[in-house]
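The values are calculated or read from the model by the stated rules, or taken from the named source; none is laboratory data. None of these values were measured; they are calculated from a predicted model. Here the Cβ positions follow ideal geometry from the backbone for every residue, glycine too, while neighbour counts run over all protein chains shown. Note: accessible area is taken over every heavy atom of the protein model, side chains too, but ligands, DNA and RNA are not part of it. Shrake-Rupley method; radii C 1.70, N 1.55, O 1.52, S 1.80 Å.
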Amino acid sequence: MTRRKDDDMEKMNGKSEPLLLPEKESDVSEEASWMVYLSTFIAVCGSFEFGTCVGYSAPTQFGIMEELDLSYSQVSNFRSILNVGAVLGAITSGKISDFIGRKGAMRLASVISAIGWLIIYVAKGDVPLDFGRFLTGYGCGTLSYVVPVFIAEISPRNLRGALATLNQLFLVIGLASMFLIGAVVSWRTLALTGVAPCVVLFCGTWFIPESPRWLEMVGRHNDFKIALQKLRGPHANITREAEDIKEYLATLAHLPKTTLWDLIDKKNIRFVIVGVGLMVFQQCVGINGVIFYAQQIFVSAGASPTLGSILYSIEQVVLTALGATLLIDRLGRRPLLLASAVGMLIGCLLIGNSFLLKAHGLALDLIPALAVSGVLVYIGSFSIGMGAIPWVIMSEIFPINLKGTAGGLVTVVNWLSSWFVSFTFNFLMLWSLHGAFYVYGGVCVLAIIFIAKLVPETKGRTLEEIQAMMM
């Protein structure tokens, strides 16, 4: 009996194993990998744009209040309406990217975001200001889904993890750039700088191939081969990879069109639990609260807010670049996620203990060092794992027929969790300074258990192999 027949018998018995490609085969030719890198660079301009949107309000709020005579309440609305737009963008991102393609979704998001920035630039009151912010939020919500999905679908398996983490790296670079540029220019000029990545993203997508998997999914078979050959190089043998993708998509084509109800089907529920769970834990460990209120934490603990902010900004960029990007395809997703969650737990305990000591007037000389080191350990640990890897795994685990629906749901959950943490952080701090971080430490413990029990290792596997393994 042939190997193919053996595989068919295994599938009939419900014991099929993922088809692993021979270790010696190369997914991408050495001389042609530049197209994968170029395509990734263009895509992560969307991640940079995401970071600029998130980081814009902090360095500009006082300038906006003074020039437009806005109240604290109006500025608070301006900051939070980004989340409203992002949730709506996330809800529609999956369907849009399935309908007009991954590149089409990125182009649309870049245009909407650019319009939003220009409206902010010319705004004379709070209404146009909020509307512009809402549009940039919508663009963020769309980009936060489509960028990691596009990168995962174009990357060879040996590069996929490292390239996918560039999404998080460029996000934190965009965030940091707003703080640096915002220190020397007005809020209107800073809004114009947000247009730049939109222009690069929109123009750049005309020079890179579309996702081959999406092209094959919508029946553009010739374009599928052309795109895959461009990504793998003119001399690369794409026959094996193309056949695997076609065979997998052909199987999915016989399945009915997916709806939200299909996500709770027993054959799909593990995908959804892993994707949603990682996004909930990514936010509910308290990262947005720590970043947005880092200066307040430093001041409350008696440490220098300026020094602390500079240190954690540098640390976040460096560790995301050198940590997750270089290690993810060497050590794997699970080890980095577990190390990240443990490190964040230690950081929460250090910060919580600093506030507990301060409340009881003990070891006052040690409190600033404990607070600063706790924040640095916490943010550093987040950067090497929980920051980037949930997005990587989200882009890997969902079958392509579920990606639009499930990916949109997961992205919405991420933004809603982000809003929830930002909204409740001040209330927790008012309730108990040390108690707030012990609560987040408890969430870190739950995250460790969740990762250890449910999250699969996806290193070194094709997308089709990952999904077959989980099913």
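Condition first: open to solvent by less than 60 Å² (accessible area, probe 1.4 Å), more than 30 Å from Val318 (Cβ to Cβ), in contact with a Pro (Cβ under 9 Å, 6 or more places away or on another chain) and of a type in the set (Phe, Trp, Tyr). Can you find one or more residues in region 174-194 that meet it?
No: region 174-194 contains no residue that is open to solvent by less than 60 Å² (accessible area, probe 1.4 Å), more than 30 Å from Val318 (Cβ to Cβ), in contact with a Pro (Cβ under 9 Å, 6 or more places away or on another chain) and of a type in the set (Phe, Trp, Tyr).
Test of understanding: among Ala388, Ala341, Ala324, which residue is crowded, with 22+ Cβ neighbours inside 10 Å, within 30 Å of Ile96 (Cα to Cα) and at pLDDT 80 or above?
Sole residue among the options that is crowded, with 22+ Cβ neighbours inside 10 Å, within 30 Å of Ile96 (Cα to Cα) and at pLDDT 80 or above: Ala388.
Could you please tell me which pairs satisfy a Cβ distance under 7 Å, a separation of 6+ or placement on different chains, a first residue in region 265-278 that is under 18 Å from Trp391 (Cβ atoms), and a second residue that is buried (at least 21 other Cβ atoms within 10 Å of the Cβ) and of a type in the set (Gly, Ala, Ser)?
If the second residue must be buried (at least 21 other Cβ atoms within 10 Å of the Cβ) and of a type in the set (Gly, Ala, Ser), the pairs left are Phe271/Ala406; Val272/Ala406; Gly275/Ala406.
Restricting attention to region 86-131, and to residues there that are of a type in the set (Gly, Ala, Ser) and without any contact (Cβ under 8 Å) to a residue 40 or more places away in the chain, which single residue is farthest from Leu416 (Cα to Cα)? It would help to see each step written out before you state the result.
Applying the first criterion (of a type in the set (Gly, Ala, Ser)) to region 86-131 yields 86, 89-90, 93-94, 97, 101, 104-105, 109-110, 113-114, 116, 123, 125.
Adding the requirement that they be without any contact (Cβ under 8 Å) to a residue 40 or more places away in the chain leaves 104, 116.
Values: Gly104: 25, Gly116: 21 Å.
Applying the filter and picking the extreme gives Gly104.
Being touching a helix residue (DSSP H, G or I) at 6+ places or on another chain (Cβ under 7 Å) and not in a helix (DSSP H, G or I) is the filter; apply it to region 398-446 and report the residue that is nearest to Val218 (Cα to Cα).
Pro399
Suppose we keep only residues that are farther than 18 Å from Cys198 by Cβ, touching a helix residue (DSSP H, G or I) at 6+ places or on another chain (Cβ under 6 Å) and of a type in the set (A, V, I, L, M) within region 89-128. Which one would you say is surrounded by the fewest Cβ atoms within 10 Å (Cβ to Cβ)?
This residue is Ile91.
Failed condition for Val290, given (1) within 13 Å of Ala371 (Cα to Cα); (2) at pLDDT below 75, with all others met?
Of everything listed in (1) within 13 Å of Ala371 (Cα to Cα); (2) at pLDDT below 75, Val290 misses just condition (2).
Output yes when any residue across region 362-369 is surrounded by fewer than 24 Cβ atoms within 10 Å (Cβ to Cβ) and closer than 30 Å to Tyr37 by Cα, and no when none is.
Within region 362-369, none of the residues are surrounded by fewer than 24 Cβ atoms within 10 Å (Cβ to Cβ) and closer than 30 Å to Tyr37 by Cα.
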